[in-house]
Amino acid sequence: MNRAETGLSYIERLARERRGRLAAERLLEQKQRELFAANVQLARHARALSEEVVEQRQGLETARSEAEALRDQTSEMLGELERANAAARTAERRLWEALETIRDGFALFDKRQRLIAANRVYLSMIGEEEMPLAEIAYSDIVTRLAERAFAGAATEVRQAWHEAMIARIVGDEIEPRVIHLGDGRHFRLMDRRGAFGDLVSLARDITQAVAREAELSEAREKAEAASRAKSAFLANMSHEIRTPMNGVVGMAELLCETALTDEQRLCAETIRSSGEALLTIINDVLDYSKIEAQRLKLYPEPFDLERCLHEVILLLQPSAQEKRISVLADFDLFLPTRFIGDRGRVRQILTNLLGNAVKFTQSGHVLARVVGIERGEGRFELHISVEDSGIGIAAEHLDAIFGEFSQVESESNRQFEGTGLGLAITRQLVDLMGGTMWVESEPGEGSCFGFRIILPAAEPITSGIAPQRPVRLQRVLVVAEAQISRVILQRQIETFGLAVTACRSGEEALAAPGASAVDLILAEQSPRLDGEGFVRALRESGIAAPVALAAAEGATLPDLPGVHLIAQPVLRSALFRLLEALSYPALPQGGGGAEEARRRRPMRVLTVEDNRTNQLVFSKMVADLDIDLGFASDGHQAVAEWRRLRPDLIFMDISMPGMDGRETTAAIRAAEMAAQLSAVPIVALTAHAPDSDGAWILAAGIDRWLTKPLKKSAILSTILAFTPADARPPVRPDQPSARI
Ligand code: ADP
């Protein structure tokens, strides 16, 4: 202790020390506080750190397990990828193996049309075995194909084909092409656009199909030749059968006209009807075989449909009369009657339908109805139906009856004859005409067969059928038992602007008010209305009006004044002629009229026929006529006779040995031209069905034809149609001639 210090008071020193200690204590305290705070901080840090470490450790743990899961996944995916790759390789290999096994060629081109892949068949088409290493274009392939397909052909041919092949792949729809390679293989090249503009090319191997087609076409040719031979055979056979049949049927017809005992008449009638039945069967079989061989052609020409219908009805009239059934026609009054169509075939259809209707009807009526509507350009849609009140057809048989050789097998049907070909032929004919057929039927009630065809009219279409010359009559009394007949006749007459009163019977007519004031009485003959008796009754009650008796052909005209016959069913044109004739009665001829007619020359008819029997049949058929008839037995004789006789009409047999009917006609036509003579009407006599003959017959300069066996009525009407004005009427005045 220094002096100074020693000099300080002890108290001071004590105070100083205390202060110093206090300060030190405060400092210590502060330091301790700071230390504590630092410790607290540190502890907090330490805790945060440890939490962080824990957290990081957990993160690490998660990351590790995720990494492990990923590793597992990757290896699984790698496995799957490996498997998928293997599967893809297998699929590709399979696909290619499949493409290699098919007999067809397959190739794929990219959008620049460079070959990407092709199977061996495709490569073989261009003469390659393996896929070429060098790039090869579609165009080069076509060049190579052309070389192999047209080896011997000119360069232009190859070039043209090449150009066409390339041009066709421009569009989206690529047309297939057939190629015949030099090695005997045939392919159909079918190319398609694929995805990304690729071109997929498929070459179908059609070698077998081509060979089969060649075999088939050979077989077809053989079959066609056989069918032609069959048709020719049938045609010849039918000719061979028809010619002698002409003799049989014609002679039987003539025999029936002579005086015979009942037994002889029965025999002669049987010969005639059996012969006709046989001819119908021959015609059916011939037609059917022609249709089957698709050799049946239609020969359209202008014809009168109404007349055609009436002719068919007239033909069937005798069998209808036997059964006492009436056959009626209802022809739409606002239709033209002349159309362009195959008259023979339309007639055949009508004959089949009406023939069946008459055959299968025992009582009542058969009604043929023709209605039509204009379809523009002068074409008419015609609906032709044939309705009967016959045995009818059960619904289950309706489809079958149009089949060939098909007939309804039932008690009610068995008694009827037939081939079962008629409806099959009818339907085929309607088909051939572009039409349709239908049938409705009720067993026990009747049937209605109909067909629809479109035919052009052969006459200018006028509205209605107003007669060209006004008919001066005003009132007509119609007498007909059947209501249908009354309606039809009434309608027909009313279209001429006449007033009609219709009655059911003669008695009703006689009692009808105003009967004495009518201008015409049109009465339909029937079992209950005897024409002659009716006219007598009329006259007795003071009714003097002219009477027209509508009767079936063959009816005789009562020998009474003011009576006319009109063919039943009544044709519109015939009705018009009758009304016209009654409106403008011919001026009575001077007393010498008949005498004058007798002084005129007879009509000259030349018949060219090589068969003696047929000559005899012909001369017998015209024996009643007042004509000058000559015969020639061959073509040369015919030309000579034509020169000598200068006939008004020639009947020409078509099938003759040496110069046939056509050649003979040509020779006569040439001679006429050379001598500047007008053409003589030539009517062909043909044994063949008219359809096959029709076109060439008319082309050969022949005017008409008649089919053998000849019918007396057909010959008679032909002669009458061609009687020249300066010749005597071939029918003598004492014969019935007042038919309209
Ligand atoms: P076919 O008359 O020669 O037997 P089709 O072919 O003309 O031959 O007719 C076939 C069958 O259809 C006839 O046999 C008959 O059973 C039936 N048939 C045809 N038309 C009629 C009809 N109008 N009424 C009743 N049955 C008919």
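The numbers here are math on the coordinates, done by the rules we state, and not lab data. None of the values given here were measured: they were computed from a predicted structure. Note that each Cβ is placed from the backbone with ideal geometry, even for glycine, and that neighbours are counted across all protein chains shown.
Placing unit charges on the Cβ atoms only, positive for Lys and Arg and negative for Asp and Glu, gives the range 1-136 a dipole magnitude near 1620 debye about its Cα centre. You can think of it this way: the chain between residue 214 and residue 78 has 43.1 nm of extra reach, that is 0.36 nm per residue less the Cα-Cα gap. Pairs exceeding 20 Å between alpha-carbon atoms, taken from 620/708; 230/711; 323/359: 230/711.
Can you order the peptides 303-316, 201-214, 16-29 by their average number of other Cβ atoms within 10 Å per residue, highest first? Write down the numbers at each step before the final one.
Working: 303-316: 20.9, 201-214: 15.9, 16-29: 10.6.
Ranking, from highest mean packing down: 303-316, 201-214, 16-29.
Dipole check for the chain: with +1 at the C-beta of Lys and Arg, -1 at the C-beta of Asp and Glu, and the Cα centre as origin, the magnitude is about 2040 Debye.
Note on the chain: helix-only mean residue ellipticity at 222 nm, from DSSP H runs of 4+ residues weighted -39500 (n - 2.57) and normalised by residue number, equals -16500 deg cm²/dmol.
For residue 290, give me every one of the aspartates and glutamates with a C-alpha distance below 18 angstrom, ignoring sequence neighbours fewer than eight places off in its own chain. Within the straight-line limit of under 18 Å, residue 290 reaches these aspartates and glutamates: 221, 224, 240, 342, 404, 431, 691, 693. Take every DSSP beta bridge whose two residues both sit in the chain; close to 55 percent of them are antiparallel. Comparing 571, 631, 126 along the charge dipole axis of the chain, the residue lying farthest to the positive side is 126, per the Cβ-charge model. Of the GluC sites (Glu not before Pro) found in the range 66-163, the ones in coil according to DSSP and having at most 14 other Cβ atoms within 10 Å of their Cβ are 129, 130, 135. Each Lys or Arg adds one and each Asp or Glu takes one away; over the other residues whose Cβ falls under 10 Å from the Cβ of residue 387, this sums to -2. Between residue 517 and residue 487, the FRET efficiency estimated from the beta carbon spacing at R0 = 30 angstrom works out to 0.85. Mean separation of Cα pairs under 8 Å and 6 or more residues apart, divided by the residue count, gives the range 147-226 a relative contact order of 19 percent.
Listed by chain and number, the aspartates and glutamates placed with their C-alpha closer than 14 angstrom to that of residue 111 are 135, 172, 191, 198; residues fewer than eight positions away on the same chain are left out. Put +1 on the Cβ of every Lys and Arg and -1 on every Asp and Glu Cβ in the chain; which of 616, 99, 366 then has its Cα farthest towards the positive end of the dipole? Positive-most Cα among the choices belongs to 99.
Label zone of residue 674 (point 7 Å out along Cα→Cβ, amide N under 13 Å): in the range 605-631 this covers no residue at all. Under a model in which nothing but the beta-carbon of Lys, Arg (+1) and Asp, Glu (-1) is charged, the range 14-55 shows a dipole of about 540 debye around its Cα centre. Could you compute the net charge surrounding residue 168? Neighbours are other residues with a C-beta less than 14 Å from the C-beta of residue 168; K and R count +1, D and E count -1. My count for the surroundings of residue 168 gives -1.
Sorting the segments 640-647, 345-352, 483-490 by their mean number of nearby beta carbons within 10 angstrom, highest to lowest, gives 345-352, 483-490, 640-647. Neighbours of residue 560 by Cβ distance under 14 Å: Lys/Arg scored +1, Asp/Glu scored -1, total -2.
Classify the range 7-111 as rounded, prolate or oblate from the Cα gyration tensor: take a ≥ b ≥ c as the square roots of its eigenvalues, call it rounded if a/c is under 1.5, otherwise prolate when a/b beats b/c and oblate if not. In terms of gyration-tensor shape, prolate. Given contacts defined as C-alpha pairs under 8 Å and at least six residues apart, what's the relative contact order of the chain, whole-number percent? Relative contact order here is 8 percent.
Peptides 394-402, 34-42 ordered by packing proxy, namely the average of other Cβ atoms within 10 Å per residue, highest first: 394-402, 34-42. Placing a label point 7 Å from the Cα of residue 319 along the Cα-to-Cβ direction, the residues of the range 275-289 whose backbone N falls under 13 Å of that point are 275-281.
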